[in-house]
Amino acid sequence: MPRAVVRAVQKVSATRAFARAAPHAVPALDRAVHRLTRGKVLLSGLMLPGVVLTSTGARSGRTRRTPLACVPEGEGRSWLLVGSNFGRPGHPAWTHNLLAHPDAAIDVKGRTIAVTAALLTGEEREAAWRAAVALWPPYTTYQARVDREIRVFRLTSRAQAR
């Protein structure tokens, strides 16, 4: 995608209007495209890498599928997920789910990978945050907009952990 388009989308995505509309529109569009392409494409993936997280609901115990941007690490062995919630006040539900049930799965380009999630803290979180901001600068705007520290998780392939 042309750099000018990416920069324009980044500017728009940092606005409060986008933060109000995006949590409803972006996941719905991503889920539809993901389903139509049999798991090979995420619409938001045209802008940045993405996965569909399959987790267990913290309270309900039900399976939850959430399209998310990610920062791939280690040649497909781990991924960073940022709980920005588009700069809205509360932590997104998927972060609560991973805290309660860290074993999950992600769909990446048509493959399903079993993962374990770890909430990052301290220096590890700071390094991951810098990597995420390098990929998607609007994260800094999202963090400035909220009082909470945005959660950052590292998902590690369970096959690699053996």
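The values are calculated or read from the model by the stated rules, or taken from the named source; none is laboratory data. It should be emphasised that the depicted structure is a prediction, and the values quoted were computed from it without experimental measurement. FYI the Cβ positions are ideal-geometry reconstructions off the backbone, even for glycines, and counts take in every protein chain you see. These area figures cover heavy atoms from the full protein model, side chains too; ligands, DNA and RNA do not enter into them. Shrake-Rupley method; radii C 1.70, N 1.55, O 1.52, S 1.80 Å.
Per this entry, GLU149 is not counted among residues that are open to solvent by 30 Å² or more (accessible area, probe 1.4 Å), at pLDDT 95 or above and assigned to a helix (DSSP H, G or I).
Across the stretch 71-110, what is the total count of residues that are closer than 22 Å to ALA159 by Cα and in a helix (DSSP H, G or I)?
Within the stretch 71-110, the first condition is being closer than 22 Å to ALA159 by Cα, and the residues that meet it are 71-81, 97-110.
Going one step further and asking which of them are in a helix (DSSP H, G or I), we end up with 97-100.
Here the count works out to 4.
State all residues of the stretch 62-85 that are open to solvent by less than 50 Å² (accessible area, probe 1.4 Å) and either over 10 Å from the mean Cα position of the chain (by Cα) or hydroxyl-bearing (Ser, Thr, Tyr) (or both); if no residue qualifies, say none. Selection gives THR66, GLU73, GLY74, GLY76, SER78, SER84.
Could you please give the count of residues in the stretch 111-123 that are in a strand (DSSP E or B) and surrounded by fewer than 21 Cβ atoms within 10 Å (Cβ to Cβ)? Walk me through it before giving the result.
Initially, the stretch 111-123 is screened for residues in a strand (DSSP E or B), giving 111-119.
From what's left, surrounded by fewer than 21 Cβ atoms within 10 Å (Cβ to Cβ): 111-114, 116, 118-119.
Summing the residues that are in a strand (DSSP E or B) and surrounded by fewer than 21 Cβ atoms within 10 Å (Cβ to Cβ) in the stretch 111-123 gives 7.
Going through (1) at pLDDT 75 or above; (2) open to solvent by less than 50 Å² (accessible area, probe 1.4 Å); (3) within 14 Å of the chain's Cα centre (by Cα) one by one, ASP30 falls short only on (1). Residues in the stretch 63-120 that are of a type in the set (Gly, Ala, Ser) and within 20 Å of ALA131 (Cα to Cα): ALA69, GLY74, GLY76, SER78, GLY83, SER84, GLY87, ALA117, ALA118. Against the numbered list (1) small (Gly, Ala, Ser); (2) touching a residue at least 60 places away in the same chain (Cβ under 8 Å); (3) buried (at least 18 other Cβ atoms within 10 Å of the Cβ), ALA128 comes up short only at (2).
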